[in-house]
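Structure first, then comments.
FYI, it's all coordinate maths here, none of it is from the lab. All figures in this text were calculated on a predicted structure; none of them were measured in a lab. We place every Cβ from the backbone using ideal geometry, glycine too, and count neighbours over all the protein chains shown.
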Amino acid sequence: GSPDFDLYRTSEEHDMLRETVRALAEAKIAPYAAEVDEQARFPREALDALVAADLQAVHVPEAFGGAGADALATVIVIEEVARVCASSSLIPAVNKLGSLPVILSGSEDLKKKYLAPLAKGEAMFSYCLSEPDAGSDAAGMKTRAVRDGDYWVLNGVKRWITNAGESEYYTVMAVTDPEKRSKGISAFVVEKSDEGVSFGAPEKKLGIKGSPTREVYLDNVRIPADRMIGAEGTGFATAMKTLDHTRITIAAQALGIAQGALDYAKGYVQERKQFGKPIGDFQGVQFMLADMAMKLEAARQLTYAAAAKSERVDADLTFFGAAAKCYASDAAMEITLDAIQLLGGYGYTRDYPVERMMRDAKITQLYEGTNQIQRIVMARNLPK
Ligand code: CAA
């Protein structure tokens with residue numbers, strides 16, 4: 001093939017990691033998935049199990065106390081957790097999203113201070129870009145940071161913040177020069193314990209109910225100037241570069257949710273008998289399973305190719321990150337809907353897990369940029 005076609009091949013280590021995470025997810029996370037959804041409560045058991053196995057933030061570089069896992073290994077962790085509980089998969093995913101700005105652009109001091117507790121499982125990291133009136137138009141944000149001697153003072157409201165209240169650390173994008181739009185935005189690390197930080201009531205959502213989504217209020221939050229991530233005015237570029245890498249983790253979540261639904265439906269059609277035989281013996285059902293597996297495999301290959309691009313400076317990463325997220329999330333939506341169809345009326349009830357998987361899949365078409373925004377990103381960054 002062409003020399004630049006280097007699809008990521010999973011190594012023996014990746015396969016072993018998948019086995020480990022699958023076993024842990026089935027034993028320690030799956031038993032709580034329905035309850036976490038029903039009660040809309042944080043999956044504490046999942047966090048504890050992930051931390052005990054050092055799987056809550058595998059992406060943290062070794063130099064800062066982490067496992068230094070590559071993008072594919074991170075994808076595999078998220079996939080396997082999402083296969084049983086999408087809410088829980090937001091722990092490793094958002095830990096990467098929140099901390100990647102520091103890893104990509106932060107000073108050595110910031111890395112030392114904030115990555116070690118994340119790697120040890122003592123702290124989680126959230127990412128604060130969106131606002132009530134700045135969602136798809138992220139550069140239209142209003143949150144302000146004003147310099148005051150050796151400090152910055154932050155004021156504003158961030159919205160849709162995953163794991164808000166549970167995380168100790170927050171990457172916050174704020175306007176430092178209102179004249180310059182995206183070039184006047186800077187990134188900061190804010191701590192939950194900083195004076196003036198508070199949280200809104202948890203949003204009442206369709207899915208991923210176990211993962212709290214709250215507003216973050218910044219009321220005269222005064223932080224030392226060295227908490228700025230990278231240079232002044234580079235915060236928006238850092239935020240976008242981060243999403244290039246982390247949209248792949250949303251694709252991973254979509255893969256995991258879809259795999260969970262496909263596995264469940266595959267088992268169900270072998271058990272369920274109508275007209276005197278298992279419904280899986282009917283070709284109409286077989287064709288549905290074939291389509292589901294085909295879409296899932298195509299989405300997986302695209303996601304793994306994107307993960308390979310995430311490992312190095314690659315001009316096509318922006319396209320691949322957006323394409324993987326868009327394609328895998330659409331596939332997950334179709335596959336989970338088909339899983340409900342295969343279970344019939346039973347699939348529509350909470351006695352079976354596929355309706356939860358369908359509700360959880362929906363968010364992957366929305367967050368880290370709607371799939372319409374992904375198309376804008378792809379169109380502006382067509383493969384070279
Ligand atoms: N890499 C590096 N720099 C980038 C970049 C990238 N991928 N994309 C943009 N930039 C920088 C560039 O420096 C660019 O300036 P130049 O034109 O000089 O190159 C500057 O940013 C401005 O870029 P654009 O002109 O493209 O900005 P725009 O206002 O047109 O917006 C957008 C682009 C793609 C629509 C962007 O606003 C966007 O991605 N919107 C969606 C926001 C989003 O994904 N939000 C998700 C929130 S996080 C979340 O959901 C997390 C969760 O809880 C799980």
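So the values come out like this:
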quantity	calculated
Listed residue (ALA82, PRO178, ALA237) projecting farthest to the positive dipole end of the chain, Cβ model	PRO178
Charge dipole of the chain about the Cα centre (unit charges at C-beta), most positive-ward option of ILE161, LEU55, ALA305	ILE161
Span from the the range 60-97 Cα centroid across to the the range 289-321 one, whole angstrom	17
Proximal lysines relative to LYS277, as straight alpha-carbon distance under 17 Å, when same-chain residues fewer than 8 apart are discounted	LYS266
In Hz, Karplus ³J(HN,Hα) per residue of the range 312-321 (6.51, -1.76, 1.60; θ = phi - 60°; x = Gly, Pro)	8, 5, 9, 4, 9, 4, 4, 4, 5, x
Acute angle (nearest 10 degrees) that the helix 108-120 long axis makes with the longest principal axis of the chain, alpha-carbon atoms	30
Selection from LEU118, ALA69, LEU104, by position along the positive dipole direction of the range 56-120 (Cβ)	LEU118
Distance (nanometres) between label positions extended 7 Å along Cα→Cβ at ALA379 and GLU297	3.3
Net charge dipole size for the range 1-158 [Lys, Arg +1 and Asp, Glu -1 on Cβ; Debye, nearest 20]	500
At R0 = 35 Å, FRET efficiency that the Cβ-Cβ distance of SER11 and ALA201 yields, to 0.05	0.20
Given charges at beta-carbon only (K, R positive; D, E negative), |dipole| of the range 332-384 in Debye	320
Amide hydrogen neighbours beyond the local backbone of ALA67, cut-off 5 Å, H modeled	VAL60
With 5 Å bins from 0: P(r) over the range 149-298, alpha-carbon pairs, percent	2, 8, 13, 13, 13, 11, 8, 7, 6, 6, 5, 4, 3, 1, 0, 0
For the chain: relative contact order, % (alpha-carbon pairs under 8 angstrom, 6 or more apart)	17
Principal-axis tilt of helix 371-380 within the chain, Cα atoms, nearest 10 degrees	70
³J(HN,Hα), Karplus 6.51/-1.76/1.60, whole Hz, each residue of the range 213-224, x for Gly, Pro	10, 9, 6, 10, 9, 10, 10, 6, 7, 9, 10, x
Rough spin-label spacing in nm, given labels placed 7 Å along Cα→Cβ, for GLN286 and GLU38	3.8
Rounded to the nearest 20 debye, dipole of the chain from Cβ charges on Lys, Arg, Asp, Glu	740
Backbone HN-Hα couplings from phi across the range 287-295 [Karplus 6.51/-1.76/1.60, Hz, Gly and Pro as x]	5, 4, 4, 4, 5, 4, 5, 5, 5
For GLU131, distant residues with modelled amide H under 5 Å away	ARG159
Residue-averaged [θ]222 nm for the chain, counting only DSSP H segments that reach four residues, each worth -39500 (n - 2.57)	-17000 deg cm²/dmol
Cross-link reach list, aspartates and glutamates versus LYS204, counting only Cα pairs under 18 Å and skipping chain neighbours closer than eight places	GLU35, ASP37, GLU38, GLU131, GLU166, GLU215, GLU355, ASP360
Cross-link table LYS325/LYS384; LYS209/LYS295; LYS111/LYS362; LYS205/LYS241; LYS183/LYS205; LYS241/LYS384, entries beyond 23 Å C-alpha to C-alpha	LYS209/LYS295; LYS111/LYS362; LYS205/LYS241; LYS183/LYS205
Angle in degrees between helix 30-39 and the longest Cα principal axis of the chain, rounded to the nearest 10	70
